[in-house]
Ligand code: BG6
């Protein structure tokens, strides 16, 4: 039967009760695997709990594991206890749902197994009155996608009443050529509107909200262009390493694993033109157009704009090359940072920075939109010496929120400014349960709504941007490892953006700051002000950070790494490490430094300037008092309140 043409995307029904998913049989290939137990089944359970799963629904799982339906149900019942995402587990909902689960063991390359699956689908369809609708879920290795499409076609799964749709997991291809081939294979017997290519980032509420934010609010879209935006940074930091997935990861790397798909999807949402409607193809057309406008780099441009890294060991944990199933001489990148150009009218000249990596200092996904500075000359003659840029920050995960940073006048008789922010947190505004991201995809697919899925041309456009980088990196020699676990990544990434006169915006949290005794007792208001004033800096091993005799006007918070304090003879008198603060005297008094401080290993620092610090202390007299205590105990100096809060 022909595909339904969707006239109204259920994902955008604005009010009233949401309709349930459409009735169907969901045939899962790879039903004994990780994805099924960790994400698909918890997602079905969430839909059931929220009354969004149609009554006329059943699951038919299949995989190589020899299991009966009963055993499959037992296994899923044990797993759901571990992987469900709700505050409380609702046994009654689960009992009802699991009774709809069935299982057929065997290989999908085997004609007998396919025949059994076909008759089982027909039996379940009749038993559950599913209207002939079948959702095929390919939770199997990508190399089987083409074969599976072919086999389903040959064995007549497309025939009969009702819709037939396929959800294909990522990765869709491993390079441009394989993606083109896969698209040909998949589309040989199926039509584009039956294929739903998953990118689980599109299932994230905070990612979907990018569209709502841009297009349901009148005040931002007029600013959304090169006239007002200075640069955009996409940051996906992962604290985890390859987590035992070395075999897969070593043939992938972060460019394929994160950038070409998840990050390009976010990029497309954030930067695409305004679609004519919320129709799936209206949105997908604009996304494809945007990715087609991203410049494909020459080898020279790759060398200039792209940086890669690979983590080395830390004291107690292995480096990437020592991970299980990883080639000990692997050239696979676990970190990448790049500047992209979108060659269209809206974005011409606006740098688009992307970076992502594994085994980094924190887990956090953020998009930072930095606006152009307001003109500074009118502040001549006031205490204001420079203006900070306005920033709009989309906190995608784990913290979910949106933040706007701007300047405000500090109450008082003179024109003094301070960066402040407004923050919206999802947790404060909505009570919704945490979802896995797969609920909305199963739900939308059942309605024939392809908005949240990648179309073939989009996948191809993304590969066209990634391919020249992959090619250059394959051919160029590399000196790996080049960053230590749990740091900010290779210094080359900071240097790349510094060449443009910019820096990465590191989103610091209160927890990070509280690692330091100096800030441990600070209240939220105070800490947030400090966070906004911190400037990230990376130093190489052996680099001098503080030189004796120079008048320094800043202090340092050591995020990751080791620095040595040296006496006049160059002997190490103290070793400082993560969470330590040094150079405080620089923000307390303007006097010559009394020791050299040098990085022992590559080190990540935050720098706090005296001017910023004084400004913050003016607002937080209690904390000025605490600092005076520290100054006395640690440096035996008496700092007067006036000199603390004076920036000169
Ligand atoms: C997957 C990648 O697609 O996304 C993983 O294969 C990565 O390597 C994961 O860890 C990140 O997803 P999330 O939702 O945790 O950001």
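Brief remarks follow.
- Residue count, the stretch 234-244 (criterion: within 11 Å of the ligand (Cβ to nearest atom) and in contact (Cβ under 8 Å) with a residue 40 or more places away in the chain): 7
- Some residue of the stretch 261-271 being within 24 Å of residue 456 (Cβ to Cβ), near the ligand (Cβ under 10 Å from one of its atoms) and buried (at least 18 other Cβ atoms within 10 Å of the Cβ): yes
- Single residue of the stretch 328-341 satisfying the filter (touching a helix residue (DSSP H, G or I) at 6+ places or on another chain (Cβ under 6 Å) and surrounded by fewer than 23 Cβ atoms within 10 Å (Cβ to Cβ)) that is farthest from residue 227 (Cα to Cα): 328
- Some residue of the stretch 26-36 being farther than 18 Å from residue 65 by Cα and crowded, with 21+ Cβ neighbours inside 10 Å: yes
- Output for the stretch 548-575, where each listed residue is in contact with a helix residue (DSSP H, G or I) (Cβ under 9 Å, 6 or more places away or on another chain) and either farther than 30 Å from residue 313 by Cα or assigned to a loop (DSSP other than H, G, I, E, B) (or both): 551, 552, 553, 554
- Residue check for residue 254: within 16 Å of the ligand (Cβ to nearest atom), closer than 30 Å to residue 483 by Cβ and surrounded by fewer than 16 Cβ atoms within 10 Å (Cβ to Cβ): no
- Residue in the stretch 362-381 that is nearest to residue 291 (Cα to Cα), counting only those that are away from the ligand (no atom under 16 Å from the Cβ) and in a loop (DSSP other than H, G, I, E, B): 372
- Index of the failed condition, residue 556 passing every other in (1) crowded, with 18+ Cβ neighbours inside 10 Å; (2) modelled with pLDDT under 80: (2)
- Strands (runs of 3 or more DSSP E) fully within the stretch 382-442 counting 3 or more residues that are in contact (Cβ under 8 Å) with a residue 12 or more places away in the chain, within 16 Å of the ligand (Cβ to nearest atom) and under 16 Å from residue 366 (Cβ atoms): 391-397
- Residue 27, sole failed condition from (1) at pLDDT 95 or above; (2) out of contact with any strand residue (DSSP E or B) (no Cβ under 8 Å at 6 or more places or on another chain): (2)
- Residue selection: residue 344 fails the criterion of being away from the ligand (no atom under 12 Å from the Cβ), over 20 Å from the mean Cα position of the chain (by Cα), surrounded by fewer than 23 Cβ atoms within 10 Å (Cβ to Cβ) and closer than 23 Å to residue 169 by Cα.
- Members of the stretch 189-211 that are surrounded by fewer than 16 Cβ atoms within 10 Å (Cβ to Cβ) and out of contact with any helix residue (DSSP H, G or I) (no Cβ under 7 Å at 6 or more places or on another chain): 191
- So residue 358, is it at pLDDT below 95 and within 16 Å of the ligand (Cβ to nearest atom): no
- The stretch 248-268 residues that are within 18 Å of residue 328 (Cβ to Cβ) and in contact (Cβ under 8 Å) with a residue 24 or more places away in the chain, paired with ones that are in a helix (DSSP H, G or I) and within 11 Å of the ligand (Cβ to nearest atom) (beta carbon under 8 Å, 6 or more apart): 249/257
- Screening the candidates 607, 630 for the property of being farther than 23 Å from residue 382 by Cβ and in contact with a strand residue (DSSP E or B) (Cβ under 6 Å, 6 or more places away or on another chain) yields one hit, 607.
The values are calculated or read from the model by the stated rules, or taken from the named source; none is laboratory data. None of these values were measured; they are calculated from a predicted model. We place every Cβ from the backbone using ideal geometry, glycine too, and count neighbours over all the protein chains shown.
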